[in-house]
Amino acid sequence: MVNDISYNTMSSYTVLHLPAIAHEADIQLNLDLFDEISAKTPRLTKLSPSGKYHMEDLHYAGGIPAIMKELSKLSLINEECISITGKTVEENLRNYKIRNVDVIHTVENPYSFKGGLAILHGNLAMDGAVVKESAVAKEMLVHEGPARVFNSEEEASQAIFAGKIKKGDVIVIRYEGPKGGPGMREMLSPTAAIAGMGLDKDVALLTDGRFSGATRGASIGHISPEAMEGGIIGIVEENDTIFIDIPNKILELKVDNEEIERRKLKFKPINPKVTKGYLSRYAKLVTSANTGAALK
C-alpha cells in the first residue's frame, strides 16, 4: 500500500493520509519510510503545475493502472494482493499498457529515478517535514535566508501582496497545523501569490500546515511538532537565518542551542483560535502531521 501512486503524481497528501490510515490499523509508519521508498521508485509522470500534462492526459495515456503495470516491472507493486474487484492486482493490470510514452514514461526512461517527495529533518522539524522535491526549482534546492514570520495564512498573504517579501526570504507560517489551525488548512493563497509574483524560484515557504497538490516551489509543509505543540517553529523570530538542503534532507534554524533553549523557556503559544464546539475538542486531542494528524 505504501507504494502509493502519489509518488508519481507527487502529492504531499500521501504523507498525511497513509500515516493516518496506519494509525487506525495500529501500524507504526515512520516518515523515513517514504524517503526509503522514494529512493527506489521512479517518477513516471509529471502533471501540472510542475509539468505540462493534466489528469485527462494521464487517463488517455493509460491512467493509474498503466503506471502500476510499469512499476511492477521493478517489483514495486505487490501483484498478489486481492483488490476490491475480488481479483488480484496482477489480474486487474493484465490488459493495461502505456498508450503515450510522453505522458507516462517507462521505467527505463523515467522523469527521475526517484520519487517526487522528500522528508526533511533538523532542529526546525524534529519529527519531520514534507516537500514536493520534484516541483522545486533547482535554484532553491539548497537555500539559506532570513525568516519572515507570520502566525496565520492571512498575515502571510497580506505581506506577499503588499510587496513586503523580498528575494531570498524564507516565509514561516505557523499555527496552521492540525492543533493550531485547527484542522490544517491548505496554504493555497500564499503559495499562489508567491508564484503569481514570480518569486517561486527565489523564496521558500515553511509551515506546520499543508499545501495543495497544485503547489510548486520550495514549499515545505507538515512541520512537526507544530507551533501549538511547542515545536521549534513556534520560537522562530523575524530575520533568524534558516537553512534548507532538500537533497540532503535538512531543515535547520541557524540559532545556537543556548538561545534556542532560552526561547523555549519563555515560549507560550497563541490563544486557541476556536474555544468551543467540536473543533475545540478536536484541537485538544489531535497530534501533529507526522502521525497523520491522528487523534490521541
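The values are calculated or read from the model by the stated rules, or taken from the named source; none is laboratory data. Because the structure is a prediction, the values reported are computed rather than measured. Cβ sites come from the backbone with ideal geometry, for glycine too, and all protein chains shown count toward neighbours. All accessible areas refer to the heavy atoms of the entire protein, side chains included, with ligands and DNA or RNA removed. Shrake-Rupley method; radii C 1.70, N 1.55, O 1.52, S 1.80 Å.
Key figures for this structure:
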item	result
Residue in region 209-216 that is assigned to a loop (DSSP other than H, G, I, E, B), in contact with a Gly (Cβ under 7 Å, 6 or more places away or on another chain) and over 16 Å from GLY128 (Cα atoms) present	no
ILE84 among the β-branched types (Val, Ile, Thr) and open to solvent by 90 Å² or more (accessible area, probe 1.4 Å)	yes
Contacts under 8 angstrom Cβ, first residue in region 136-162 being touching a residue at least 24 places away in the same chain (Cβ under 8 Å) and aromatic (Phe, Trp, Tyr), partner open to solvent by less than 50 Å² (accessible area, probe 1.4 Å) and not in a helix (DSSP H, G or I), 6 or more apart	PHE150/ILE171; PHE150/VAL172; PHE150/ILE173; PHE150/ARG174
Answer from VAL89, VAL103, VAL149 - the residue that is within 26 Å of LEU47 (Cα to Cα), among the aliphatic types (A, V, I, L, M) and open to solvent by 10 Å² or more (accessible area, probe 1.4 Å)	VAL89
Set ILE165, ILE244, ILE160: member being within 18 Å of the chain's Cα centre (by Cα), on the phi < 0 side of the Ramachandran plot and aliphatic (A, V, I, L, M)	ILE244
Helices (runs of 4 or more DSSP H) fully within region 21-71 counting 1 or more residues that are within 18 Å of VAL130 (Cα to Cα), of a type in the set (D, E, K, R) and free of Cβ contacts under 8 Å to residues at least 12 places away in the same chain	32-38
Residues of region 161-176 satisfying the condition of being in contact with a helix residue (DSSP H, G or I) (Cβ under 9 Å, 6 or more places away or on another chain) and either surrounded by fewer than 23 Cβ atoms within 10 Å (Cβ to Cβ) or modelled with pLDDT under 95 (or both)	PHE161, LYS164, ILE165
Condition broken by ASP208, with the remaining ones in (1) farther than 19 Å from MET140 by Cβ; (2) open to solvent by 10 Å² or more (accessible area, probe 1.4 Å); (3) among the charged types (D, E, K, R) satisfied	(2)
Subset of region 107-138 [open to solvent by 50 Å² or more (accessible area, probe 1.4 Å), modelled with pLDDT of 90 or more and within 19 Å of the chain's Cα centre (by Cα)]	HIS121, MET126, ASP127
Of residues in region 275-292 being among the polar types (S, T, N, Q) and assigned to a helix (DSSP H, G or I), the one least open to solvent (accessible area, probe 1.4 Å)	SER280
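Residues are listed down the side, and each one gets a yes or a no for (1) out of contact with any Pro (no Cβ under 9 Å at 6 or more places or on another chain); (2) open to solvent by less than 20 Å² (accessible area, probe 1.4 Å); (3) farther than 25 Å from ALA39 by Cβ:
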| site | (1), (2), (3) |
| --- | --- |
| SER224 | yes, yes, no |
| GLY231 | no, yes, yes |
| LYS249 | yes, no, no |
| ALA294 | no, yes, yes |
